[in-house]
Every structure is written in C-alpha cells, then in structure tokens.
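**Q** My questions all concern the structure below.
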Amino acid sequence: MDVITIEGTEYKVVAERPKSLTDTPFTYCPGCNHGTTHKIIAEVIDELGIQHRCIGIASVGCSVFSYEFFDFDFISVPHGRALAVATGAKRMRPDSVLMTYQGDGDLAAIGTAETIHACNRGERVTCIFVNNAIYGMTGGQMAPTTLLGMKTTTSPLGRDAKRIGWPMKMSEMLAPLQGAAYIARVSMHDAKHILKAKAAIKKAFRAQLEDKGFSMVEVLSNCNVNWHMTPQEGVKFIEEQMTKNFPLGVYKDVWQEEAAKQTAKEEG
Amino acid sequence: MPMIEILDDACKGCLLCVPACPHELIHNTKAKLNKRGLYPVEYVDPDGKCTGCRLCAIVCPDAAIRVYKEVKKKSA
C-alpha cells in the first residue's frame, strides 16, 4: 500500500487507478460503465497477481479500445471471433490466463456460434460480456439484446416481438451446457452491485485458474449516449428496466454443484 | 482524517459520484475546465465529514478519484 505524507500526516492510498491499467485516460463517453468494468477487472487481476500471465482479447465494438487501457498483452480479433482466438491462444500457452472482453453485438450477434461452442468445449477462458442492449460504437442500432419496445435507429417504433423476436438471454442459454463452470449476470448501477460484480469476476477467473471450465460474467451496462439519457437516467434505466428483463444472479456454479454432490454422497 | 482527491484531467463530469456520496461532499460547481474542456466535479469538505468509505471511487467510471486514509500509529 502506498503511503504519502501531506502536511506532516501520513496517509495510505485506499483507492486509486489499478496497477493493471495504463495511464491513458479512458476514451469512452462520460458516464459509460465500460470504464467501471475495466477498473474492476484490473482490480481483480491485481488482487490475483496474474498480470504477467494475462492475455486479453479485444473484440469489435466500443470494447476494441480496451487494448489501450489494460497493461498486459492484447490481441485484436475479427468481429465475433474473440473466443475462437482465445481457444487457440490458451491451447498454445496453457500457462497464460485468457480474458475476452466482448459486447452484445460481438458475442450475441455475429459471434453466437463461437460463444456456444467455446462454452460447450469447456475452454479454460474467462469471458466478460458487456450487455448494454444496443450497438454503441456504430451509432445506436438494435442489438439481439435490445429490450421490447426500446427505440433504436433501426427500430424507430420500438422493438416488436412479432417481427424481430425477443431479447436474447445469453447467460440462461449457456448455463445448461456441461462445459460451463461459472456463469453469472451482474449489474453496474450502484456501488453495491459493482462490488458484487467484482466478486463474480474474481470467481470467473478462479474457475479458469483452477482448470474447471468456461466462465462468463454478463455485465449489464449503460450506453447513455445512444439511449439519449443522462448518466444518472442511464443507471436508473438499468436498475428499473434491464434487471427486470435480464434477472441478476448466478446461473452456474461448479463449486456449488461439487459441494452438493459431496453431501449427496455422504448421505448415501 | 480521510479525504479524497479528484484527478481533474481524468474526470469527465458524468456526475455519477455526486449521488453516491452519503455526506454530499462532491459538488458540480462548474468553476473550472480541465484539459479536455469538461467540467470536473469538486470535493468540498470544510468540516472533515469524509469517512473514506470509497463509494465515490467505486462508482467512478474513469478511476479519477483517489481515496486517502490516515495511517494509524501504533501506540508505543
């Protein structure tokens, strides 16, 4: 812990920019939860002491800039193929820790096949899925995760279930697969949920370090610019609308299942 | 006494930290501009109410808040 002296009194720094982030200031829009997500991932990596082993995969979307901000190796990959490249990198370098950072356009639209098969193969990679229900970088088009009735540039009258279908629930979809070790959905709307998200991301990295299988954390994030809201209204929208459509919680926990199996065995 | 420091050039003035502070010590005064031409928030704490709870630092999307706590000296 760093200690500094101000006017004769010694102070320790209890919160600052994590060591796994570079000094480059984030280029995301003001109030965007991408920054918060980056920060908690970097804090988890600092706490686990795995910065020198980490390889990040930057997917296409706003998340493509993440290679500028994380202070470890990064690979920029074609649209949707983050988990395919992560599979290759992990198999060539089994000692490294693989992290993919993907948005909903990348993971749930163009990369659905890669995601489902990487999960089904039980690849030892950690996937951070940032779900903000819209295509942020390209200017606010409809995503597979857009809520019903939500107005976007390609659904100006609101998403209609009859024509376009329902919002895609990736966590619920991946949880029944046997390769999955830890699947959770967390939110970013207040300090309490951000701390819960940090705990979930730590567990996801632990699943990889302990060789349990595929782990994914779905982060409900805001996109206040394309939602045409202030940052405060954006986080309120997550709390009131997004969490209603995408229920928070742990969908798969391999440690819990193992403990349940153990008790069932003991009881005979 | 705990205190916080706002890194003016990293702050984008999104104001997410303003409602997060339980003692309302962070204000949107718009008194100065930073390097990027945005209004950073200001920390005003004349009575020393800050408890160092880190809530502002947790919600800050730009890691622009640093929190300091006094080092407790062991009594000799």
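Any read-out appearing in this document is the output of simple, stated calculations on the displayed coordinates, not a laboratory observation. In this text, all values refer to a predicted model and were calculated from it rather than measured experimentally. We place every Cβ from the backbone using ideal geometry, glycine too, and count neighbours over all the protein chains shown.
Per-residue answers, yes or no, for (1) closer than 28 Å to A:Val225 by Cα; (2) under 17 Å from the mean Cα position of the chain (by Cα); (3) facing chain B (nearest Cβ under 7 Å); (4) among the hydroxyl-bearing types (Ser, Thr, Tyr):
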site	(1), (2), (3), (4)
A:Asp2	no, no, no, no
A:Ile6	no, no, no, no
A:Glu16	yes, no, yes, no
A:Ser20	yes, yes, no, yes
A:Thr24	yes, no, no, yes
A:Pro30	yes, no, yes, no
A:Gly35	yes, yes, yes, no
A:Ile41	yes, yes, no, no
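**Q** Now for a different question. With respect to the numbered conditions (1) touching a Leu at 6+ places or on another chain (Cβ under 8 Å); (2) more than 14 Å from chain B (Cβ to nearest Cβ), which one is the sole condition not fulfilled by A:Pro94?
**A** (1)
**Q** Please enumerate the residues belonging to the stretch A:211-238 that are β-branched (Val, Ile, Thr) and crowded, with 21+ Cβ neighbours inside 10 Å.
**A** A:Val217, A:Val219, A:Val235, A:Ile238
**Q** Within the group B:Pro46, B:Pro61, B:Pro22, B:Pro2, which residue is of a type outside the set (D, E, K, R) and within 7 Å of chain A (Cβ to nearest Cβ)?
**A** B:Pro61
**Q** B:Ala10 versus (1) farther than 17 Å from A:Lys192 by Cα; (2) buried (at least 19 other Cβ atoms within 10 Å of the Cβ); (3) under 11 Å from the mean Cα position of the chain (by Cα): which is the lone unmet condition?
**A** (3)
**Q** Any residue at all in the stretch A:163-186 that's within 15 Å of the chain's Cα centre (by Cα) and farther than 20 Å from A:Met242 by Cα?
**A** yes
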